[in-house]
Amino acid sequence: MGRMVPEKKANKPYFVYQDHKRKQAEEAAAKAQRQRIRAEKVACGEEVGPDPDEERPSAAGGLLKVLVLALLMALYAGYFVMGDPFWGYENKWLTARHWASLIPDGTQKMYTESMLAKYDGTDPEKPLLLALDGIVYDVSEGRRTYGPGG
């Protein structure tokens with residue numbers, strides 16, 4: 001049949017994959033058999049119902065289409081009624097300036113641990129920097145909380 005693989009725990013993924021391939025082959029053979037029988041019935045002129053193997057569109061796809069269409073209609077109606085697709089609503093999320101601020105512009109500075117150690121708040125002339133999850137924050141306003149002894 002194939003190569004012989006010892007029954008070890010490390011080989012379990014191989015056996016699972018082989019079982020999966022075998023099940024797929026069995027399903028494909030059963031589907032081919034159903035299609036052959038259906039074709040014979042059609043050739044004999046017998047009445048056959050809908051094909052059970054035919055894929056039907058999902059309800060989620062139809063719902064998504066309806067929601068997108070409703071959103072587009074609401075935007076168009078807002079533009080028609082108010083002259084603004086967002087019905088005059090103003091928010092930072094709707095401005096191009098906000099989205100442009102999220103794009104790195106090359107002015108960001110990379111710090112190493114030794115560089116950050118110099119900004120620990122012991123020198124009042126230097127800013128107090130705090131790094132969390134790779135993001136460096138200037139916490140100079142909270143020197144009493146984040147500085148030495150805080």
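Bear in mind these aren't lab numbers, they're just calculated from the coordinates by the rules spelled out. Keep in mind the model is a prediction, meaning the values are calculated, not measured. Here Cβ is always computed from backbone atoms with ideal geometry, including for glycine, and neighbour counts include all displayed protein chains.
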Rg (Å, one decimal) plus Dmax (Å, integer) for the alpha carbons of segment 59-101?
-> 13.4, 39
For segment 1-125, using Cα atoms only, the Rg and Dmax in Å read 31.5, 95
In straight Cα distance, which lysines are under 29 Å from residue 126, not counting same-chain residues fewer than 8 positions off?
-> 109, 118
May I ask for the net charge around residue 47, where only other residues with Cβ less than 15 Å from the Cβ of residue 47 are counted and Lys, Arg are +1 while Asp, Glu are -1?
-> -1
Once the other residues with Cβ under 11 Å from the Cβ of residue 127 are scored (Lys, Arg +1; Asp, Glu -1), what is the net sum?
-> -2
Setting aside same-chain residues fewer than 8 positions from residue 9, which aspartates and glutamates have a Cα under 20 Å from its Cα?
-> 19
Loop-exposed trypsin sites (Lys or Arg not before Pro) per DSSP, neighbour cap 14 Cβ within 10 angstrom, longest uninterrupted part of the chain = 9-108
